[in-house]
Amino acid sequence: MNKSNFDTNLETIALEFLENIEKYDKIHLLYHSDADGICSGLIIEKLLSKLRKPFKSTCINLTHPWEIYLSQINLISDEKTAVIFSDLCPSGELLYQYAIKFQKADFYILDHHRFAWPQKITPPKNVYNANPTLFGLHGLKEIVGSALNYLFSVAVDESMSKYAWIATIGIAGDTLAHIDDYQSYNRIVIERALDLEQVQIKKGICLYGGQHLRLDSAMAFSIFPYLPAVEGSRKKAKQILQNLSIDPSKKVEDCSEQDVEILAGNFSDIKIIGDFLIYPTKKGILHHSFEHAQLLSILGHEHPESARLMVGKPQITQGAKQEYNNYIGSLVHNLTAFVQIPKIITNYAIFVDLTNQVPINQWSDTGSFASVNHIYDSSKMLFIGGLTDTGEYKLSVRCTPEFMKQHDNKGAVHVIRKITQKLGGNGGGHGLAGGMRLPSTLFEKLHDEIDKIIINLSNL
Ligand SMILES: [Mn+2]
């Protein structure tokens, strides 16, 4: 299992797709509604148009069960149909049922989330699985959905190569990493876009979230890194800058080497220098890859059509800008609340109860950004969430790669499994991130049990 097996598999599936395509009566494309999914979907749409094949595409925000989305595409047993899953995929159990029931349909998995067939079955022949995690690749750090969909498209038709820049937006959205930390296939795609002169990499101050703004606003709007000393306040940012004799009205991109050095010295424990990726022909939020991607994810959940339009636009509308500002503004506000709320801390875990502090639909993002920003003792596992109106605790579970290294490569999903076996509730996820629900009566019990569960992880 390695990279060259992945390459061979992808190549084979691309060729089979090309061979099969003439026989299809219908093609359905299903893609995810975040930045990575939207870019994946757009790339496949361009491929299908290039091949002159009519298709129907649907953006899915995953708020409903998969059964609903699959029933909506209305498969008919004697119709030859292709179903393409871009940056998402139903569970192995469900897909197996569909593949057996609709033998004349072919299913293409162009997804990078973990996937497993039910035990003891032979994978159906009408499923073409290009998932890179099958080959031991890391589904985020090494290859995100849009990188996979791009490479697939290029393998089908070399002229698709020119859409590398679209994939770079998806990569920025899913990896939540500095460009200098991009690896493997993600890196290859970025380099393709650089060679084609579609993107540029710049070095300097990185205040991702506010990279397009003047310095004081950028510091207040930065979500990666989040600056605890600024607390999302432009006034506080301005004060800090004035004390350092840096002009607060300077744009981030226009900072001199000296400014960069002084500012980095002031935030010595936070990484604020690095590379950032820009689209030279786009302006404002769309000029910067991280911010561009955030905007697509913010719009995509409710308004996928306007998110898709943004990809082709040189600059955004006032309305979209407002949505961006509201979202980032509240995320920074939530991170500030996160830092200030009293926490329950055990030897191996931290519990943060956001009930009545942060709106429910922002719990998970608050957890993710608290985690990537290391604004808690990240040698511990983070449980963040609160009481829902159904009387259950809904918890996002996050940990760092360092935590996993300390615990025999076990992380969120393993701890969740153990908790639900031992106490009850339900949930799932990946190594670094997961989610669970627990009856409220068990929440305190979890505080007492969690250290035992984590300390025994290596015995699982
Ligand atoms: Mn993705």
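Each reported figure results from applying straightforward, stated rules to the coordinates on display, with no laboratory input. Everything quoted here is computed from the prediction, not taken from an experiment. Quick reminder, even Gly has a Cβ in these numbers, built from the backbone with ideal geometry, and neighbours come from all protein chains shown.
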Could you list all residues from region 2-36 that are within 16 Å of the ligand (Cβ to nearest atom) and free of Cβ contacts under 8 Å to residues at least 60 places away in the same chain? Leu29, Leu30, Tyr31
Residues of region 287-305 satisfying the condition of being within 17 Å of Ile190 (Cβ to Cβ) and either outside any helix (DSSP H, G or I) or of a type in the set (Phe, Trp, Tyr) (or both): His288, Phe290
Within region 168-181, work out how many residues are surrounded by 24 or more Cβ atoms within 10 Å (Cβ to Cβ) and in contact with an Asp or Glu (Cβ under 9 Å, 6 or more places away or on another chain). 6
If I ask for residues that are under 17 Å from Leu331 (Cβ atoms) and small (Gly, Ala, Ser), which ones from region 276-309 would you list? Ala293, Ser297, Gly300
Of all residues in region 278-298, count the ones that are farther than 17 Å from Pro225 by Cβ and in contact with a Lys or Arg (Cβ under 9 Å, 6 or more places away or on another chain). 8
Given the conditions (1) of a type in the set (D, E, K, R); (2) out of contact with any Leu (no Cβ under 7 Å at 6 or more places or on another chain); (3) touching a residue at least 40 places away in the same chain (Cβ under 8 Å), every one holds for Asp195 apart from (3)
Evaluate the following for Arg187: is it away from the ligand (no atom under 16 Å from the Cβ), of a type in the set (Lys, Arg) and under 19 Å from the mean Cα position of the chain (by Cα)? yes
Could you please give the count of residues in region 221-243 that are farther than 19 Å from Glu261 by Cα and buried (at least 23 other Cβ atoms within 10 Å of the Cβ)? 3
Please verify whether Leu263 is surrounded by 19 or more Cβ atoms within 10 Å (Cβ to Cβ) and either among the β-branched types (Val, Ile, Thr) or closer than 30 Å to Leu387 by Cα (or both), treating the condition exactly as stated. no
Tally time: how many residues in region 306-324 are without any contact (Cβ under 8 Å) to a residue 60 or more places away in the chain and either at positive phi or part of a helix (DSSP H, G or I) (or both)? 11
